[in-house]
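The values are calculated or read from the model by the stated rules, or taken from the named source; none is laboratory data. For clarity, every value in this text was computed on a predicted model and none was experimentally measured. Every residue, glycine as well, gets a Cβ built from its backbone with ideal geometry; the counts of neighbours run over all protein chains shown.
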Amino acid sequence: MSHSVHTLSLQPIGFIRSVFKEKFATPRQPGLVTAAKAELVLEPPYNQADAVAGLDEFSHIWLVFGFHQTAQLGWKPKVRPPRLGGNSKIGVFATRSTFRPNPLGLSLVSLEKVVTDKGVSLQVKGADLIDGTPVYDIKPYLPWVESVPDAASGFAGGEQVLDLPIVFAEQINYPLDGQLRELIEQVLRHDPRPAYQQDPERIYGCHLQDVNVQWRVTDSEIIVTNIKATA
């Protein structure tokens, strides 16, 4: 059967400013790192108050975004989800992989504030989005129709958290405020490491907010070995 297809031309309505500066250590799902603050800055002609009138009455919103860092790599019919250890393959449409026919993602975030005094920006929490991510649409979240508590989650299972104490090494001399400490702890508890890398001596690093964080994971604790400001 042939279908008449009208090609859609998508243009970003805005871009994300996020504490996550790279793919590694960015949460694999939204809502896991509640300390992660982000801002969606709308672009002209969408940055007008009329376009977001009434949005502040909702506590959560859906963001339709683009996987801009991997879009040029194309798609794959089967991918290796991190939850399966990077060894087993599964159909791309049974995952949230970035390697999709149309590199679009969907993220549910907490809407903290709508700012309309100079253009329009949305302050959100719990985002799993890298700094600079293009956003193509905003939709309000409706819990009475979109929440299904007893839904099956297939291979993804439930939330996985490292139940280990987090220790900050004594030699760290970076001024660590409560917000940054909470962000680091939440990110590390959700274990950004690939499932096939479990070497307790290996030092991992990521760029969060305006710092580089280094850590390692032993059988008994998560050790933050260094924190330093980015150049």
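Conditions (1) in contact (Cβ under 8 Å) with a residue 24 or more places away in the chain; (2) among the aromatic types (Phe, Trp, Tyr), marked per residue:
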site	(1), (2)
178	no, no
183	yes, no
192	yes, no
200	no, no
208	yes, no
215	yes, yes
228	yes, no
231	no, no
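Checked across region 133-144, the condition of being touching a helix residue (DSSP H, G or I) at 6+ places or on another chain (Cβ under 9 Å), exposed (fewer than 15 other Cβ atoms within 10 Å of the Cβ), part of a helix (DSSP H, G or I) and in contact (Cβ under 8 Å) with a residue 60 or more places away in the chain holds for no residue.
Any idea how many residues of region 43-98 are touching a Leu at 6+ places or on another chain (Cβ under 9 Å) and more than 22 Å from residue 160 (Cβ to Cβ)?
To start, the set of residues in region 43-98 that are touching a Leu at 6+ places or on another chain (Cβ under 9 Å) comprises 48, 51-52, 55-56, 58-67, 90, 96, 98.
Going one step further and asking which of them are more than 22 Å from residue 160 (Cβ to Cβ), we end up with 48, 51-52, 55-56, 58-67.
Selection size over region 43-98: 15.
Residue-wise test of (1) among the charged types (D, E, K, R); (2) surrounded by 15 or more Cβ atoms within 10 Å (Cβ to Cβ); (3) more than 24 Å from residue 18 (Cα to Cα).
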site: 200; (1), (2), (3): no, no, yes
site: 219; (1), (2), (3): yes, no, yes
site: 223; (1), (2), (3): no, yes, yes
site: 230; (1), (2), (3): no, no, no
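Among residues that are in contact with a Lys or Arg (Cβ under 8 Å, 6 or more places away or on another chain), at pLDDT below 95 and β-branched (Val, Ile, Thr), residue 161 is included.
For region 88-132, filtering for residues that are surrounded by fewer than 17 Cβ atoms within 10 Å (Cβ to Cβ), among the small types (Gly, Ala, Ser) and in a loop (DSSP other than H, G, I, E, B) leaves 3.
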